Amino acid sequence: SYLGRKSEVIITLLNYCKEVGKANPNYIEKVAYDWAENEIDTLESALAKVESLVSADRYANQIARMFEMPASPTKKQRGFIQNWQNLNFSMELIQCAYERTIETINKLSFEYINTILMRLHNEGVKSIRDIESSDNNYKKGKKKSNKGDIIDENYDAEKYEILVNNV
């Protein structure tokens, strides 16, 4: 109340904290300050905030289970997850990116998964069916040399040899 919140907003806040199992005064006050900073001062905005928080928790929990994480996601990991949710990534696409990450680097890496997802997003990929087309486009632009370096398909060995000889 000392933050200027209406009683129905305070009750909604208290119910939310109780539902998530964090009804200690420090957590309640922290959430209250956050709501005050974000101008959540009506019942409608409080209910919308609770719905958003519950949705984010549900999405994060699904991903944590999918990734077989032994602990809750860290703040940084939650940032990635929130971004994926904001971009409307399906669990199917996230699962695909996760599997590719494990197959490639053999460990969980939110940064690596995010790189895959952002590439897919930038290419307009929305479903698993679109991934094959995206992969083909990606491979067309890159080619592996014998040494494992990624070179442009338009690589001209003759021009390179002339350049090296001039140096």
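The values are calculated or read from the model by the stated rules, or taken from the named source; none is laboratory data. All figures in this text were calculated on a predicted structure; none of them were measured in a lab. Virtual Cβ from ideal backbone geometry, glycine too; neighbours counted across all protein chains shown. Areas reflect the complete protein model, heavy atoms only, side chains present, ligands, DNA and RNA absent. Shrake-Rupley method; radii C 1.70, N 1.55, O 1.52, S 1.80 Å.
A few comments on the model shown:
- Accessible surface, the stretch 1-144, averaged per residue in Å² (probe 1.4 Å): 65
- If R0 is taken as 35 Å, the Cβ-Cβ distance between N86 and K22 corresponds to a FRET efficiency of 0.90.
- Averaging the Cα positions of each part gives two centres, and for the stretch 29-66 and the stretch 74-109 these lie 21 Å apart.
- Restricting the stretch 7-54 to trypsin sites (Lys or Arg not before Pro) in coil, as DSSP defines it, with at most 14 other Cβ within 10 Å: K22
- Of every Cα-Cα pair in the stretch 46-115, the percent that sits beyond 15 Å: 52
- Fully extended contour minus Cα-Cα distance, from T115 to E99, at 0.36 nm per residue: 4.4 nm
- For the stretch 38-86, the alpha-carbon radius of gyration amounts to 1.32 times the rule-of-thumb value 2.2 N^0.38 Å expected for a compact globular protein.
- Taking 0.36 nm per residue of sequence separation and removing the Cα-Cα distance, the K140/S45 pair yields an extension gain of 29.3 nm.
- Kirkwood radius, the stretch 1-97, all distinct C-alpha pairs, inverse of mean reciprocal distance: 14.7 Å.
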